[in-house]
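S.K.: Quick one: the structure is below, and I'll ask about it shortly.
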């Protein structure tokens, strides 16, 4: 079985726009997904990317075009200027780690978080909001949120960040298949083609 390492953070619009698509590609090709929330600042520190507010006005405007194009292609709603953005993704990311440690599938919770930011004007940094998502997914919200506060969970996210850097992820989402990194939701189709053909991973040298 092929395995896809899926590096993300919970408030990225491009993660939101690619989440359903990468999930469908994995199911279609029988690939397993390893969900790996990261501290995005730690990835950017190495890759040379900068936070949105530090980008040139030209790049900020172009980002808005890209978001609209991707939302149109993926047939997903998007609010370009959501009420609760930027929001701290730490707790939501940690909840995903906690769910994984409990051997629960986080895909549905993640989808609720992503659409909460970019389609529903919800504050995903708020524990009560996350509790509602967990309950909707049939989880014990109090138990999961308590687990999400552990040092072990925080350390897992730090380790994921180091793994993303080692894999040459430039930002999120980044999907790694057989050591080959696919950066951005607009590279999902390239990843799907790699799975379909079974080609050997490309390398940078």
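The values are calculated or read from the model by the stated rules, or taken from the named source; none is laboratory data. Here the structure is a predicted model, which means the values were calculated and not measured. Don't worry about glycine lacking a Cβ; one is built from the backbone with ideal geometry, like all the others, and counts go over all protein chains shown.
S.K.: For segment 44-68: of the residues being over 20 Å from the mean Cα position of the chain (by Cα) and not in a helix (DSSP H, G or I), which is surrounded by the most Cβ atoms within 10 Å (Cβ to Cβ)?
M.R.: Among residues in segment 44-68 that are over 20 Å from the mean Cα position of the chain (by Cα) and not in a helix (DSSP H, G or I), the one surrounded by the most Cβ atoms within 10 Å (Cβ to Cβ) is 55.
S.K.: Another question, then. Kindly check whether there is at least one residue in segment 75-96 that is touching a strand residue (DSSP E or B) at 6+ places or on another chain (Cβ under 7 Å), part of a helix (DSSP H, G or I), at pLDDT 95 or above and surrounded by 14 or more Cβ atoms within 10 Å (Cβ to Cβ).
M.R.: For segment 75-96, residues touching a strand residue (DSSP E or B) at 6+ places or on another chain (Cβ under 7 Å), part of a helix (DSSP H, G or I), at pLDDT 95 or above and surrounded by 14 or more Cβ atoms within 10 Å (Cβ to Cβ): present.
S.K.: For residue 205, indicate whether it is in a helix (DSSP H, G or I), without any contact (Cβ under 8 Å) to a residue 60 or more places away in the chain and surrounded by fewer than 15 Cβ atoms within 10 Å (Cβ to Cβ).
M.R.: For residue 205, the condition - in a helix (DSSP H, G or I), without any contact (Cβ under 8 Å) to a residue 60 or more places away in the chain and surrounded by fewer than 15 Cβ atoms within 10 Å (Cβ to Cβ) - is not met.
S.K.: Under 7 Å between Cβ atoms, at least 6 apart or on separate chains: pull out the pairs that start in segment 69-82 with a residue that is free of Cβ contacts under 8 Å to residues at least 60 places away in the same chain and on the phi < 0 side of the Ramachandran plot and end on any residue that is surrounded by fewer than 16 Cβ atoms within 10 Å (Cβ to Cβ) and in a helix (DSSP H, G or I).
M.R.: That search, which allows pairs on different chains as well, returns 80/64.
S.K.: Then there is this: State which residue is surrounded by the most Cβ atoms within 10 Å (Cβ to Cβ) when the search covers only segment 158-178 and only residues that are assigned to a helix (DSSP H, G or I) and in contact with a helix residue (DSSP H, G or I) (Cβ under 6 Å, 6 or more places away or on another chain).
M.R.: This residue is 164.
S.K.: Looking at segment 1-56, which of its residues are at pLDDT below 95 and in contact with a helix residue (DSSP H, G or I) (Cβ under 8 Å, 6 or more places away or on another chain)?
M.R.: Correct list: 49, 50, 51, 52.
S.K.: For segment 128-144, give me each residue that is in a helix (DSSP H, G or I), surrounded by fewer than 21 Cβ atoms within 10 Å (Cβ to Cβ) and in contact with a helix residue (DSSP H, G or I) (Cβ under 6 Å, 6 or more places away or on another chain). Steps first, answer last, please.
M.R.: Just the residues of segment 128-144 that are in a helix (DSSP H, G or I), to begin with: 128-136, 141-144.
From what's left, surrounded by fewer than 21 Cβ atoms within 10 Å (Cβ to Cβ): 128-129, 131-132, 135-136, 141-143.
Result: 131, 135, 141.
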